[in-house]
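Data block below; observations after.
The values are calculated or read from the model by the stated rules, or taken from the named source; none is laboratory data. Just so we're clear, the structure is a prediction, and the values are computed from it rather than from any experiment. Positions of Cβ are generated from backbone atoms using ideal geometry, with glycine treated the same way; all protein chains shown enter the neighbour counts. To get the accessible areas, we keep the full protein, side chains included, count just its heavy atoms, and leave off ligands, DNA and RNA. Shrake-Rupley method; radii C 1.70, N 1.55, O 1.52, S 1.80 Å.
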Amino acid sequence: MSPIERIPFTCTLDCGSRCELVAVVEDGRLVRVDTPPREDSPERPRLIPCVRGRAHRALVGARERVGTPLKRNGPRGSGAFMPISWGEALDEIAGRLQNLAARKAHSALLHITGAGSISGRGFSGASASHRFFSFWGPVTVTVGNMSNHCAGIAAQWMLGGQVPASDRATLLDARLIRLWGKNPAETHMAPNTAHFIAGARDRGARVILIDPRYTDSAILADEWVPIRPGTDAALVAAMAYVMETEGLVDRAFLETHTLGYGPYREYLLGVRDGQPKAPQWAEAISGVPAETIVRLGREYATVKPACLLPGWGPQRTLYGEQAARAFITLACMSGNMGLRGGGVASVG
Ligand code: SF4
């Protein structure tokens, strides 16, 4: 009987955490996926892999898994494919590339990558193919990403960088945490956000979950505010309206640290379109009761530090950058930007 091997690897699924895993291999077969021994203390909480990562054994051995290259052998869209060998696949692809290169038709090739297992840092497949095609010729590429492009663009425009968030440990200093379309109990992007939110709550922070779904993260929250999907910017505007009309805006911060609040203020008050973005207006759009909106606006403006943690869902929609921009604006209006335990995590 061959010895049992424990082979460390990084989770290859399309997720930012890249959790450490250990493949337990016996007689050349993957028999279990384990986690490496690590310190797990309040100061250095361990990032615990989720069930998806632990399910690698099922993925590797799944009958549905494509085990060989497939070549279409029927009309496009017919779903007819036949298995071919790796050698045949390489020859086929190389022949097509040579044909395009001979005709100087490199741009006829659409190079699209970066999601699924290939995006896993363990494989770096996307980086490798980008490198290959950057040498090969001027192929057609896509821009942006399907994950957080709107939030990233908004952060770039408004904050000058795509990852402006603070260390998750600073959440422990928050007195109010808004999880807005964010579900750290089920999904995480590298740091152990749920751990620190639970820690902040133990220290007295109030946690509110604003989300169309009653997710597992509700267990971290004191209150769940359901909202219609895609209406986040309207809810933010109404909260901002409450802050503006009740004198709760941190004008000193806006004047010293921001540009361009004037047009947003006019938008809130309906100066140009005649429609004040009052709580009743947002209730009709978002489904969140006006009195709840008033309370959310007042609380966010007066309890400090208040941390706004939007997920990616609110910006994964048409004009999703509007929600992302609104979150940043609201954080600036409240004066929470730059406060330890405050701020807005607009990307992660
Ligand atoms: S959180 Fe889950 S899916 Fe993401 S890297 Fe870790 S184990 Fe993989």
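For this structure, a couple of remarks:
- As a ratio to 2.2 N^0.38 Å, the alpha-carbon radius of gyration for the chain is 1.21.
- When only Cα pairs below 8 angstrom with a gap of at least 6 residues are kept, the chain shows a relative contact order of 17 percent.
- Bridge type composition, the chain - antiparallel percent by DSSP, nearest 5: 45 percent
- The chain: most fluctuating residue of Pro36, Pro314, Pro263 per GNM, C-alpha cutoff 10 Å: Pro263
- Among Cys11, Ala80, Gly311 the positive-end extreme of the charge dipole of the chain (Cβ point charges): Ala80
- For the chain, the share of accessible area belonging to carbon and sulfur comes to 55 percent (1.4 Å probe, ligands and nucleic acids excluded).
- Positive end of the dipole of the chain (Cβ unit charges, origin at the Cα centre): among Pro276, Gly320, Ile197, the Cα lying farthest that way belongs to Gly320.
- Placing unit charges on the Cβ atoms only, positive for Lys and Arg and negative for Asp and Glu, gives the range 149-334 a dipole magnitude near 100 debye about its Cα centre.
- 20 Å Cα-Cα reach of Lys277 towards aspartates and glutamates, excluding residues that sit fewer than 8 places from it in its own chain: Asp232, Glu244, Glu246, Asp250, Glu266, Glu291, Glu299, Glu321
- Packing order of peptides 270-279, 150-159, 210-219, highest average first: 150-159, 210-219, 270-279 (average count of other Cβ atoms within 10 Å over each peptide's residues).
- Ellipticity estimate at 222 nm from DSSP helix runs (n ≥ 4, -39,500 (n - 2.57)) divided over the chain, nearest 500: -10500 deg cm²/dmol
- Per residue, the solvent-accessible area of the chain (1.4 Å probe, heavy atoms of protein chains only, all protein chains present) comes to 55 Å².
- When only the Cβ of Lys, Arg, Asp and Glu is charged (+1, +1, -1, -1), the dipole of the chain relative to its Cα centre reaches about 740 debye.
- Note on the range 178-227: Kirkwood hydrodynamic radius from all Cα pairs is 10.7 Å, rounded to one decimal.
- Restriction of the trypsin sites (Lys or Arg not before Pro) in the range 307-348 to DSSP coil positions whose beta-carbon has at most 16 other beta-carbons within 10 angstrom yields Arg340.
- Residues of type lysines that Lys304 reaches as a straight line, Cα spacing below 23 Å, ignoring anything fewer than 8 places off in the same chain: Lys182
- Rh (Kirkwood; distinct C-alpha pairs) - the range 165-204, Å: 10.4 Å
- Relative contact order (percent, whole number), the range 149-334, Cα cutoff 8 Å, 6+ residue spacing: 31 percent
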